1. What is the residue count in region 210-268 for residues that are assigned to a loop (DSSP other than H, G, I, E, B), of a type in the set (D, E, K, R) and either closer than 19 Å to E42 by Cβ or touching a strand residue (DSSP E or B) at 6+ places or on another chain (Cβ under 7 Å) (or both)?
2. Which one of the conditions (1) closer than 18 Å to T331 by Cα; (2) surrounded by 15 or more Cβ atoms within 10 Å (Cβ to Cβ); (3) not hydrophobic (A, V, I, L, M, F, W, C) does T64 fail to meet, given that it meets all the rest?
3. Pick out the one residue from I218, I236, I267, I280 that is more than 15 Å from the chain's Cα centre (by Cα) and either at negative phi or surrounded by fewer than 16 Cβ atoms within 10 Å (Cβ to Cβ) (or both).
4. Within the group T305, T274, T331, T249, which residue is under 25 Å from I71 (Cα atoms) and either touching a residue at least 24 places away in the same chain (Cβ under 8 Å) or surrounded by fewer than 21 Cβ atoms within 10 Å (Cβ to Cβ) (or both)?
5. Could you tell me whether any residue of region 290-297 is in contact with a strand residue (DSSP E or B) (Cβ under 6 Å, 6 or more places away or on another chain) and part of a loop (DSSP other than H, G, I, E, B)?
6. Identify the single condition in (1) in a strand (DSSP E or B); (2) surrounded by fewer than 17 Cβ atoms within 10 Å (Cβ to Cβ); (3) touching a residue at least 12 places away in the same chain (Cβ under 8 Å) that R204 does not satisfy, given that it satisfies every other one.
7. For the structure I just gave you, tell me whether S50 is modelled with pLDDT under 95 and more than 19 Å from L323 (Cα to Cα).
8. When the residues of region 31-61 are filtered to those that are in a loop (DSSP other than H, G, I, E, B) and among the polar types (S, T, N, Q), which remaining residue is surrounded by the fewest Cβ atoms within 10 Å (Cβ to Cβ)?
Amino acid sequence: MKKVQVPALALAALCISTCMSASATAASTPQPDRIAGVRNIEDLAPIPGSEWVIGSSMAGGTATAGKLVAINAKSGEALSLYPAPNRANAKPNSGCPGQVAADAFKPHGIFLRPTTDGHTAQLYVVNHGGRESVEIFDILSGATPGLRWTGCAMLPPGAFGNGVASSPDGGFFVTNMGKTLDGRDPITAMGGDIIAWTQANGWRTIADSAIPAPNGLIATQDGRTLYVASWTGSTITELKLGEKTERRTVAVDFLPDNLRWSRNGTILVAGQATSVPDVIACYTSTRDACDIPSAVAEVDPASFTVRCSLPVALDMATVAADLGEDIWVGTTRGDAVLRLPAATLHACAPS
């Protein structure tokens with residue numbers, strides 16, 4: 001599939017000229033804003049009923065370790081949540097050897113399981129530092145949020161996690177890319193599938209879930225349908241789980257990364273509008289910023305069609321999260337989160 005490579009300023013101009021209605025004037029066109037000073041925010045998870053959004057600050061570039069941060073949606077204030085040396089943590093669950101060293105923590109995809117039936121809200125974090133694992137946290141409420149580490153699930157040997165989403169049985173699904181992204185293996189060798197974990201039964205592979213380089217992942221509340229981004233395949237796949245896994249696939253015109261539900265039930269997709277080698281070259285470098293054009297798309301899960309796809313003025317985009325009036329776009333290489341007016345996406349013509 002041909003990838004569009006357009007400089008960042010041209011991307012912004014293209015978005016305004018093609019995605020807003022013809023009658024909109026330059027003066028009335030909402031302009032994107034940025035929250036500066038937040039580094040490598042690869043994934044985002046808004047805290048329900050709160051002004052705060054949890055971000056996964058990924059290791060990369062000159063950052064040798066990562067962290068979890070909270071960003072205030074109104075003020076833009078950012079707080080470090082983890083590692084937090086003064087925070088009391090719980091005893092780890094069985095099978096988990098303990099916490100990762102603070103200077104080794106490398107978060108990737110995250111998922112927030114809201115409070116249900118009196119249970120504390122939890123955060124699941126795919127980690128590559130010191131081990132391949134999903135780290136588990138309780139979210140502590142208050143004037144500002146906090147995290148309490150409660151345990152981990154060690155990934156099966158040979159697995160390389162990326163996205164994570166909760167399942168209704170108290171566990172979670174994880175995209176297993178099968179190969180690391182450190183350049184040691186050719187990207188053409190990257191297979192991948194979906195694996196699932198519960199405390200009682202450990203890991204299992206979801207039947208018939210093989211997908212090239214599975215990246216972003218979301219699930220319906222009943223856990224019966226998964227949506228998976230094939231990063232190298234430039235597709236989103238719907239997997240209906242049952243005695244036999246049924247699938248539908250829709251193509252996007254970029255390399256899709258993380259997936260997020262929008263507030264109206266559509267699927268938000270963010271990714272890189274370039275080639276796989278270009279992204280790998282950036283990912284494996286010590287550069288803190290890369291000239292990698294990006295895009296955001298909206299997929300209708302009912303018709304399973306792309307409702308809208310547009311370029312965004314942020315390099316190396318990896319996630320688009322619905323905050324209501326704004327769509328927040330994060331990146332794995334950069335020091336800001338883009339606040340894209342939701343009206344820009346809503347006014348975008350169907351693809």
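1. So the count comes out to 3.
2. Of the numbered conditions (1) closer than 18 Å to T331 by Cα; (2) surrounded by 15 or more Cβ atoms within 10 Å (Cβ to Cβ); (3) not hydrophobic (A, V, I, L, M, F, W, C), the odd one out for T64 is (2).
3. I280
4. Unique residue meeting the criteria: T331.
5. Yes, region 290-297 contains at least one residue that is in contact with a strand residue (DSSP E or B) (Cβ under 6 Å, 6 or more places away or on another chain) and part of a loop (DSSP other than H, G, I, E, B).
6. The number of the failed condition is (3).
7. It is false that S50 is modelled with pLDDT under 95 and more than 19 Å from L323 (Cα to Cα).
8. Q31
The values are calculated or read from the model by the stated rules, or taken from the named source; none is laboratory data. Please read these numbers as outputs of a predicted model, since none were measured by experiment. Glycine gets a Cβ as well: all are built from the backbone with ideal geometry, and neighbour counts include every protein chain shown.
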